[in-house]
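Inspection log for the structure reproduced underneath, given as structure tokens.
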Amino acid sequence: MKAYEQEVFADFKKYANVVEAWAIYDSIIISPTFLGGEQNVGGWFTNFNAFGQQDQHSFFKTRTEGIAGSAYCNLQSADSMDYAFIADSIGLAVMSPAPNTEGRGSEPDGVAGDLYDEDDLISHWWAAEMPNHMGLQLKIQQDIRAEVQCMHCPPGYGAIGGGTAFNHEGQAPVHGDIPYMTNAVVQGVPVLSNRYPLPQPIGIPRTATIEGILHLSEFVRELMQNVTGPQEYQFNSLTGLPPYTFYQRRYSIQMSLFGQRLVQQRAQYHR
């Protein structure tokens with residue numbers, strides 16, 4: 001344990017707090033359709049254009065687990081900490097549907113030309129390239145305590161895979177054919193130690209206001225405002241014939257802080 005951490009823990013120990021490894025996370029979602037209570041979640045968008053209209057986006061400020069669901073957020077209170085927290089590392093996961101152009105020749109509902117393959121290109125760009133053009137800040141109370149370029153703070157978790165193959169369909173591919181894209185892109189190897197380590201842990205008092213601020217470059221904003229989507233997944237019906245079933249694709253950006261929370265002792269901790 002570092003000297004700084006020992007000092008902080010010793011201070012909290014006076015108040016009989018228990019130190020527990022913990023993480024907090026919050027997500028921005030872009031999806032053509034939101035279901036049920038999701039329609040009331042702040043800071044979520046139904047299209048790329050609306051997302052690109054803003055040059056800044058917030059984490060840990062408006063959403064809670066009760067509002068957004070535990071898949072996307074685990075804060076119990078918006079805009080403030082439920083407990084004292086010591087942050088050790090910052091991670092940002094920029095996640096998209098795994099690119100796969102297998103369906104590029106499909107015809108949803110039997111309508112020729114009604115294709116959704118443009119999302120496969122955006123999906124790859126979103127996860128592989130966009131983090132190079134965004135910045136992230138961590139704000140505690142009125143102070144910016146950390147600032148990092150987004151590709152520099154991988155989350156340390158996420159799907160990973162690879163594989164690309166051309167679709168022959170009985171004939172050799174010609175120049176310009178798009179291969180099947182079956183790889184999933186993440187920011188770095190999904191190992192928990194592969195995160196942006198803070199030079200010194202940051203202590204966050206209980207009830208302190210906290211905000212993660214995502215800054216989009218003009219390049220990202222320009223591109224987002226001039227593309228369509230997200231589109232939908234097409235799934236076959238039980239009969240394999242039209243009409244087919246469609247479900248929304250979801251693009252997300254998730255910020256996480258790993259560290260230790262300090263909570264009041266529970267009965268079983270007493271001797």
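The values are calculated or read from the model by the stated rules, or taken from the named source; none is laboratory data. Here the structure is a predicted model, which means the values were calculated and not measured. Neighbour counts run over all protein chains shown; Cβ positions are idealised from the backbone, glycine included.
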**Report entry** Residue, surrounded by the fewest Cβ atoms within 10 Å (Cβ to Cβ), within region 65-123, restricted to residues that are out of contact with any Ser or Thr (no Cβ under 7 Å at 6 or more places or on another chain), among the hydroxyl-bearing types (Ser, Thr, Tyr) and at pLDDT below 85
**Finding:** Ser106
Query raised in the report: Quick one: what pairs do we get from region 76-100, first residue in contact (Cβ under 8 Å) with a residue 12 or more places away in the chain, second in a loop (DSSP other than H, G, I, E, B) and buried (at least 23 other Cβ atoms within 10 Å of the Cβ), C-beta under 6 Å, 6+ apart or different chains?
Result: Ile90/Cys153; Gly91/Cys153; Gly91/Pro155; Leu92/Cys153; Ala93/Pro155
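Residues in region 22-41 that are part of a strand (DSSP E or B) and charged (D, E, K, R): how many? Spell out how you get there, then give the answer.
Taking region 22-41 and keeping what is part of a strand (DSSP E or B), we get 22-30.
Within this subset, residues satisfying the condition of being charged (D, E, K, R) are 26.
Final tally of qualifying residues: 1.
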Query raised in the report: Quick check, is Ser31 at pLDDT below 95, crowded, with 18+ Cβ neighbours inside 10 Å and of a type outside the set (Val, Ile, Thr)?
Result: yes
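For every residue, the table says whether it meets (1) at negative phi; (2) under 15 Å from the mean Cα position of the chain (by Cα); (3) not aromatic (Phe, Trp, Tyr).
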| residue | (1), (2), (3) |
| --- | --- |
| Val18 | yes, no, yes |
| Trp22 | yes, no, no |
| Ser31 | yes, yes, yes |
| Gly37 | yes, no, yes |
| Asn40 | yes, no, yes |
| Gln53 | yes, no, yes |
| Phe59 | yes, yes, no |
| Ile67 | yes, no, yes |
Requested in this report: Could you look through region 233-251, keep only residues that are assigned to a strand (DSSP E or B) and touching a Ser or Thr at 6+ places or on another chain (Cβ under 8 Å), and pick out the one that is surrounded by the fewest Cβ atoms within 10 Å (Cβ to Cβ)?
Outcome: Phe235
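Conditions tested, residue by residue: (1) within 22 Å of Ile140 (Cβ to Cβ); (2) touching an Asp or Glu at 6+ places or on another chain (Cβ under 8 Å).
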residue	(1), (2)
Asn49	no, no
His57	yes, no
Glu65	yes, no
Cys73	yes, yes
Gln76	yes, yes
Ser80	yes, no
Phe85	yes, no
Leu92	yes, no
Ser96	no, no
